[in-house]
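A quick write-up on the structure given underneath.
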Amino acid sequence: MKSTSADPSGHWPLENNPHNFSAHELGSSARGLTFAEVDGRRAAVFAGRESSLQVTDHPALRASPEGDLSLSLWLHTNDSAGGGDVVGDLISKFDPATRKGFQLVVSTQTGTTVTTQPNYRQLQFGIDDAHVEEAWQDCGRPGHAVKIGALAAMNGHLYAGTFEMEAEQTGHVWRYEGGDRWSDLGAPPVGCNSVGSLAYYDGDLFAASGRYNPRGSQLGLTKNIRPGGPVYRITPEGQWVDCGHPGAEGAAPDNPDTQTGESNQADDTNCLTVFRGQLYATSHHRRQLYRYEGGKNWKPVGPNLRIMSTTIHEGNLYALINGGGVYRYEGESDWTWCGDPPRSTQTYCALTHQGRLLVGTWPECEIVRYAGGTDWKVIGMAGYEREVMAASLYNGKCYFGTLPMANIFRMDDERFTYFGNIDNDPSVHLRRAWSMAVYQGALFAGSLPQGKVMSRRTGAVVTHDHALPSGWCHLAAVRSNQKLTLFLNGREVARSSVPTPLHTDTAEPLHIGGASIGHAFRGALRDVRFYPRVLTPQEVLHLASL
């Protein structure tokens, strides 16, 4: 069969088998795939880590001499209630050792210290050739922030939740407007000092209020001792609607110590997480995970342990515990102990890398990988720090923020490479890289005590900062020499510039599904195509109509 320049150099219809139907002889191996009719279309069904299609490297799977390439596919996913919180890797050809290649993923990130879900079902297309932006960019200080407790990219915007220190200051929610500009979306009506977590649920932004005690960061006593705790829904009109206080029922009366600001009531709510179509929240003091039941009602579901954060991995919700352990939620009030990461007394953050669950710990500042059952393997220590706080998977690599220096490290195999500092305030001994999110193609990080948001880029990335709709969608990712473009159902939804010539050719296999980057893909794929050229908008629209 003779091919033309208009034809894809790799084409996998995935209707009844995993074979390539282009003119090129492309060797491949498939495992764990089933072929079935999914909502009216024949497709390959991928079931997570058990399923993958790997295509041997071939000159036909290289970009054009100018660096051009295009990817096109049909994707089917379940909604959150059907287990579609995590979608995962779609297509990648990436060498992590040289940081070279490309990837197309649907990213859900959870488990950044008490923030949770900075990214949820968001389309990301990245290329790299070991290129790093020269320095972290200062994106400003929202209001009088001392801590950026939460960063979350949702519904096309980047939001920050903050802690403020003075007596008449309160936590706020801010929306990023570019440069160093932020718009104030208001503060919890209870007047507490912190907004520690954000989530996008049922069409609205939700914010968790709390009273942060800054003594643990050697900032002295908080001057605002008003308790927090309620979760609020922020309407498009800017109203803060009280959705109730997880853990408030049955708590002792609030009598804060006027010297320390500490309270005997559950006065903070953390870790808002959307999981299987429902909203969950944690309370440090009440030692519970709570499920939102509507109105102002929350139902406790265990495990009677102080939860630092939660994360979603392989379709399950995990709790990271103050005390070091990790537990898996089995539904209702049932939990399974998954062991204690070695030497950890506080397990703070988590992410999924190449299908494996990683967590960050205190006091050895180690990254530890879950090996199943109750077993954990120590990967290594991030610099000479004490605590791993923030975590993010960005353009194929894992990044971790630390205490006490507020440094960022990139994980390279089992080594950790210094990636810069985001808070160098010399007057404070304990500085924290607290929160992270991927937004508009960059990695964003929030700090304490300067309360700034910083950003940095590697290679080139374009992101669609909205939750991907469930059901069947057509996706296309196009790289020309100087820009990246994402299309959803035939329409351009995002673009980003390529800062310098980046060569993506690598001898690595092409992965369709699987978990070569982050989460193992769960869903269905059909009509997957690779082109060593730029698809025009008209061609993308045509492919979206097939």
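The values are calculated or read from the model by the stated rules, or taken from the named source; none is laboratory data. On a predicted model such as this, the values are computed, not experimentally measured, just so you know. Every residue, glycine as well, gets a Cβ built from its backbone with ideal geometry; the counts of neighbours run over all protein chains shown. With ligands, DNA and RNA removed, areas are computed over all heavy atoms of the protein, side chains included. Shrake-Rupley method; radii C 1.70, N 1.55, O 1.52, S 1.80 Å.
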Summarise the accessible area of region 284-390 (1.4 Å probe, protein heavy atoms) by the percent that is carbon and sulfur. 42
Rg from C-alpha atoms of the chain, normalised by the globular rule of thumb 2.2 N^0.38 Å, equals 0.95
Binned Cα-Cα distance frequencies in region 28-143 - 10 Å width, integer %: 10, 31, 35, 19, 5, 0
Less than 13 Å from a label point 7 Å out along the Cα-to-Cβ axis of R175: which backbone N atoms in region 428-462 qualify, by residue? none
What is the extension gain from N17 to E133, computed as 0.36 nm multiplied by their sequence separation minus the C-alpha to C-alpha distance, in nm to one decimal? 37.5 nm
For region 325-422, max minus min Cα coordinate along each principal axis, in Å, sorted largest first? 42, 27, 22
Quick calc, A6 & L221: beta-carbon distance into FRET formula, R0 51 Å, rounding 0.05, result 0.15
Roughly speaking, to the nearest percent, how much of region 36-171's 1.4 Å accessible area is carbon and sulfur? 45
Accessible area in square angstrom per residue, the chain, 1.4 angstrom probe: 36
Placing unit charges on C-beta atoms (Lys and Arg positive, Asp and Glu negative, everything else neutral), compute the dipole magnitude of region 317-462 about its Cα centre in debye, rounded to 20. 520
Apportionment of accessible area to carbon and sulfur, region 415-546, percent (1.4 Å): 50
